[in-house]
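Heads up: the structure comes next, in structure tokens.
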Amino acid sequence: TPSPPMSARGASNAPRGSQLPAQEKVSNELFTLTYGAMVRQLLHDFETVEEVNAELDAMGARIGSRLVDDFLANAQGVRCADFKSAADSVARVGFRSLLGVTARVGAWSETSDAGSGPSACSIYFEENPITDFVELPRGLEELSYCNVLCGVIRGALEQIGMHVTVVVVKDMLKGADGNELRLTLKEHAAETYPFKDDD
């Protein structure tokens, strides 16, 4: 019998997505331990899988918008002035901070939406702690279990003026040979940073 869509280590009682506490820092250990229980609660609270996917993305965006200060502080001085440097920092620094794993960027391409220069790429990663000990039950094949990661990236980049779409392309939870998220830059507004530079 398939196990429920949550980490076997997750807590049994999770808050509703809309009631998650505001935190300046999100412990990657706490995040991975409780994520499965959060997903299970959302499946109980919402009527359709599509609504759950949307709430996971929204939940991730809220997390990403709060993590951006720490993310930039740990990015070894990189100010993420363009999409290429921002995506590279998300893979090298962001994934390590949030999940404790390494990721890489590839499959760069240009789109017509964001002007000149690379404006689409993929982030690849082999390990994903939030899917440890998880198996999707029959009937939940359309659940984008890792959609929270799409939201985290989107929320963080929006804080520095980069409006992107992020979608799950490959998911090892669904039998793929690796994990892949596809980022597409839609708009790059004037640089805005949610912190003050040191005098």
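Per-structure values
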| item | result |
| --- | --- |
| In the stretch 155-165, the residues that are open to solvent by 60 Å² or more (accessible area, probe 1.4 Å) and assigned to a helix (DSSP H, G or I) | 158 |
| Failed criterion for residue 136 (all others in (1) in a loop (DSSP other than H, G, I, E, B); (2) in contact with a strand residue (DSSP E or B) (Cβ under 9 Å, 6 or more places away or on another chain); (3) modelled with pLDDT under 95; (4) not β-branched (Val, Ile, Thr) hold) | (2) |
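The values are calculated or read from the model by the stated rules, or taken from the named source; none is laboratory data. Keep in mind the model is a prediction, meaning the values are calculated, not measured. Glycine also receives a Cβ, built like all others from the backbone with ideal geometry; neighbour counts cover every protein chain displayed. Please note that ligands, DNA and RNA were not included when accessible areas were found on the heavy atoms of the full protein model with its side chains. Shrake-Rupley method; radii C 1.70, N 1.55, O 1.52, S 1.80 Å.
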